[in-house]
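Notes for the one structure printed next.
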Amino acid sequence: MRKKIIAGNWKMNKTPKEALELVKILKDKVDTDKSDVVFCVPFVDIIPVAEALKDTNIAVGAQNMCFEDSGAYTGEISADMLLDIGVKYVIIGHSERRQYFNETDKNVNKKVLKAIEKGLTPIVCVGETLEQREKCVTVDFVRIQVKSALKDVTAEQAGNIVIAYEPIWAIGTGVTATSEQAEEVCSAIRKVIAEIYDLDTADKIRIQYGGSVNGSNAGELFGMSDIDGGLVGGASLKEDFINIVNYQE
Ligand code: 13P
């Protein structure tokens, strides 16, 4: 039985001071028994947030990292830096990074390999545009994204990563995929994992849904058999995140 994983992606929101105010509201109210809970916060918030969460089971995640170990990469943050300040998870290949910062499938793969090598759990994001959905190429496209992201990743390593299916048309729009739409693609992702590796790995890997998740739709989405939790943007910045984590099916 896969344990659910519910992660907040704060994106570029909250100064360290504001971050601490939000953590104070959320930290004692989210149920970490039923699901693994992660706050993926901006880099500068990581140290204070990790300190504020140290007596809880909530993990801290980053939203990006460099695929190199160290050196002349101005503006980048390495896996070792993240590990040193208590980070456990890192979002890789979010559609906003692909769209605004030219992140490619190749870079995503390099980052995934580096994160795994260093012992960080990648949350690998995939998902189609509205145009692709309308052309009925969603599953084909997402399969390619998954295969590229996991190139040279072993079965054992793949079983421990997290994939987040985030249809771009549902991100920040208030238009959530229906639970059937989300399940269809999450199940196709599990199928491609079984094809690349084996059924055991496909059964182990956790697949999240992301895109306008809120306290009212979380229960239905997370109740689907191939959806193992969520990657939550806007609603992770509000008290509604408590309703999402403490969802009822
Ligand atoms: P929203 O929940 O704001 O739609 O964002 C989803 C997302 O991009 C999480 O990574």
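All of the numbers you see were taken from the coordinates with simple rules; none came from a lab. None of these values were measured; they are calculated from a predicted model. Quick reminder, even Gly has a Cβ in these numbers, built from the backbone with ideal geometry, and neighbours come from all protein chains shown.
Going by the structure shown, is K54 surrounded by 14 or more Cβ atoms within 10 Å (Cβ to Cβ), farther than 12 Å from P122 by Cα and charged (D, E, K, R)?
Numbers: surrounded by 14 or more Cβ atoms within 10 Å (Cβ to Cβ): no; farther than 12 Å from P122 by Cα: yes; charged (D, E, K, R): yes.
So K54 fails the test.
Could you tell me whether any residue of the stretch 232-243 is crowded, with 18+ Cβ neighbours inside 10 Å, away from the ligand (no atom under 11 Å from the Cβ) and without any contact (Cβ under 8 Å) to a residue 24 or more places away in the chain?
No, because not a single residue in the stretch 232-243 is crowded, with 18+ Cβ neighbours inside 10 Å, away from the ligand (no atom under 11 Å from the Cβ) and without any contact (Cβ under 8 Å) to a residue 24 or more places away in the chain.
Can you confirm whether T138 is touching a Pro at 6+ places or on another chain (Cβ under 8 Å) and more than 16 Å from the ligand (Cβ to nearest atom)?
Working: touching a Pro at 6+ places or on another chain (Cβ under 8 Å): yes; more than 16 Å from the ligand (Cβ to nearest atom): yes.
In short, yes.
Is there a residue in the stretch 227-235 that is more than 13 Å from A7 (Cβ to Cβ) and of a type in the set (A, V, I, L, M)?
Taking the stretch 227-235 and keeping what is more than 13 Å from A7 (Cβ to Cβ), we get 227, 234.
Now narrow it down to the ones that are of a type in the set (A, V, I, L, M): 227.
Checked the stretch 227-235: at least one residue is more than 13 Å from A7 (Cβ to Cβ) and of a type in the set (A, V, I, L, M).
Being within 24 Å of N214 (Cα to Cα) and away from the ligand (no atom under 16 Å from the Cβ) narrows it down to one of K11, K17, K54, K34, so name that one. Before you say what the answer is, go through the steps one by one.
Details: K11 fails: away from the ligand (no atom under 16 Å from the Cβ); K17 fails: within 24 Å of N214 (Cα to Cα); K54 fails: within 24 Å of N214 (Cα to Cα).
Checking each option against the conditions leaves just K34.
Going by what's in this entry, would V49 be described as touching a residue at least 24 places away in the same chain (Cβ under 8 Å), surrounded by fewer than 15 Cβ atoms within 10 Å (Cβ to Cβ) and out of contact with any His (no Cβ under 9 Å at 6 or more places or on another chain)?
It is false that V49 is touching a residue at least 24 places away in the same chain (Cβ under 8 Å), surrounded by fewer than 15 Cβ atoms within 10 Å (Cβ to Cβ) and out of contact with any His (no Cβ under 9 Å at 6 or more places or on another chain).
Hey, can you tell me all the residues within the stretch 205-215 that are within 10 Å of the ligand (Cβ to nearest atom) and either at negative phi or among the hydrophobic types (A, V, I, L, M, F, W, C) (or both)? Steps first, answer last, please.
The first filter runs over the stretch 205-215 and keeps only residues within 10 Å of the ligand (Cβ to nearest atom), leaving 208-214.
Within the stretch 205-215, Q208, Y209, G210, V213, N214 meet the criteria.
Okay, residues lined up against (1) within 15 Å of the chain's Cα centre (by Cα); (2) of a type in the set (G, A, S); (3) surrounded by fewer than 20 Cβ atoms within 10 Å (Cβ to Cβ); (4) under 16 Å from I6 (Cα atoms):
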site	(1), (2), (3), (4)
A164	yes, yes, no, yes
G219	no, yes, yes, yes
S225	no, yes, yes, yes
Y247	no, no, no, yes
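Just give me the residues in the stretch 100-114 being touching a residue at least 40 places away in the same chain (Cβ under 8 Å) and charged (D, E, K, R), in sequence order. Walk me through how you get there before you give the answer.
Initially, the stretch 100-114 is screened for residues touching a residue at least 40 places away in the same chain (Cβ under 8 Å), giving 105-114.
Hits for the stretch 100-114 are D105, K106, K110, K111, K114.
Count, please, the residues in the stretch 114-139 that happen to be within 20 Å of the chain's Cα centre (by Cα) and either of a type in the set (F, W, Y) or in a loop (DSSP other than H, G, I, E, B) (or both). Can you show your working first?
Just the residues of the stretch 114-139 that are within 20 Å of the chain's Cα centre (by Cα), to begin with: 114-129, 138-139.
Still in the list and also either of a type in the set (F, W, Y) or in a loop (DSSP other than H, G, I, E, B) (or both): 119-120, 127-129.
Of the residues in that region, 5 qualify.
Would you point out which residue out of A182, A177, A164, A202 is closer than 22 Å to F222 by Cβ, more than 16 Å from the ligand (Cβ to nearest atom) and either part of a strand (DSSP E or B) or of a type in the set (A, V, I, L, M, F, W, C) (or both)? Outline the logic, then answer.
Values: A182 fails: more than 16 Å from the ligand (Cβ to nearest atom); A177 fails: more than 16 Å from the ligand (Cβ to nearest atom); A164 fails: more than 16 Å from the ligand (Cβ to nearest atom).
Going through A182, A177, A164, A202 in turn, the sole match is A202.
Just the residues that are in contact (Cβ under 8 Å) with a residue 12 or more places away in the chain and out of contact with any Ser or Thr (no Cβ under 8 Å at 6 or more places or on another chain), please, taken from the stretch 62-80.
A62, Q63, N64, F67, I77, A79
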